[in-house]
Amino acid sequence: MAKGGGEEAGSTPRRGRPRSIETTNAILESAYALMAATGLATTTIDAVARHSSVSKMTIYKWWPSREALLIDAFLHHAAQMLPLPPASSGSPAARTRRHAAAYAEALQGEFGKVQLAVISECISKTGSAGLFYARYLQFRRDALVEIIAAGQNDGSILADGPAGDLYDAIYGSLFYRYVFGITPITPGYARSLVDLILRPKG
């Protein structure tokens with residue numbers, strides 16, 4: 001998933017002509033649209049090529065596998081839908097609260113279904129959990145862990161323990177509730193969960 005929440009998704013750069021941003025976006029947006037509309041099973045390289053009007057040769061040149069393309073398509077959409085909160089948007093707790101609420105809201109729509117399907121296929125069928133972590137979760141997790149740690153350092157977050165564990169408690173709880181249909185999963189619930197776990201001062 002793209003750096004700073006607005007970075008372009010993509011696989012490891014290769015030698016040759018540079019990518020066209022317009023073409024890259026067309027491929028990624030087509031892949032996500034197909035996943036959301038018809039599911040992962042029918043989101044083949046052929047289908048993406050037809051939908052985006054880009055040759056299969058180009059897609060294969062830029063992505064090492066179908067799974068890599070699907071992951072990048074998801075993270076490209078997530079970067080736009082769930083940008084990481086900038087430093088100017090409030091205290092560390094407020095920034096975490098805002099992002100968790102947006103994630104909870106996104107889980108209720110097609111984003112949640114696509115995320116679950118991508119994780120299921122990439123981990124269960126291909127064993128590429130590391131690919132998903134490296135392309136999507138790692139950067140976003142690290143950025144939000146830094147925000148939580150900053151709040152612990154300046155005293156605005158009173159919760160003890162490693163910031164990474166606090167992040168996992170928040171987002172792991174939200175995803176667990178989504179997967180197993182445990183309600184409520186609402187922005188209000190997410191904000192309350194952040195306050196419960198981080199114990200913001202004041």
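Could you tell me which numbered condition I119 fails, if it satisfies all but one of (1) in a helix (DSSP H, G or I); (2) without any contact (Cβ under 8 Å) to a residue 24 or more places away in the chain; (3) open to solvent by 60 Å² or more (accessible area, probe 1.4 Å)?
Of everything listed in (1) in a helix (DSSP H, G or I); (2) without any contact (Cβ under 8 Å) to a residue 24 or more places away in the chain; (3) open to solvent by 60 Å² or more (accessible area, probe 1.4 Å), I119 misses just condition (3).
So which of A134, A129, A117, A159 ends up being in contact with a Leu (Cβ under 7 Å, 6 or more places away or on another chain), over 21 Å from A101 (Cβ atoms) and not aromatic (F, W, Y)? Break it down into steps so the answer makes sense when it comes.
On the way: A134 fails: in contact with a Leu (Cβ under 7 Å, 6 or more places away or on another chain); A129 fails: in contact with a Leu (Cβ under 7 Å, 6 or more places away or on another chain); A159 fails: over 21 Å from A101 (Cβ atoms).
So the residue among A134, A129, A117, A159 that is in contact with a Leu (Cβ under 7 Å, 6 or more places away or on another chain), over 21 Å from A101 (Cβ atoms) and not aromatic (F, W, Y) is A117.
Can you say whether L144 is assigned to a helix (DSSP H, G or I), over 30 Å from T44 (Cα atoms), open to solvent by 60 Å² or more (accessible area, probe 1.4 Å) and of a type in the set (A, V, I, L, M), as far as the supplied structure shows?
no
Can you name every residue in region 34-88 that is open to solvent by 10 Å² or more (accessible area, probe 1.4 Å) and hydroxyl-bearing (S, T, Y)?
The answer is T38, T42, T44, S52, S53, S55, T58, Y60, S65, S88.
Out of everything in region 163-199 that is touching a Leu at 6+ places or on another chain (Cβ under 8 Å), open to solvent by less than 40 Å² (accessible area, probe 1.4 Å) and of a type in the set (A, V, I, L, M), what residue ends up being farthest from G112 (Cα to Cα)?
L198
The values are calculated or read from the model by the stated rules, or taken from the named source; none is laboratory data. This one's a predicted model, so the numbers in the text were calculated from it and none came from an experiment. Please note: Cβ atoms are built from the backbone with ideal geometry, for glycine as well, and neighbour counts cover all protein chains shown. The protein model used for the area step is the full one, side chains on, heavy atoms only, and it has no ligands, DNA or RNA in it. Shrake-Rupley method; radii C 1.70, N 1.55, O 1.52, S 1.80 Å.
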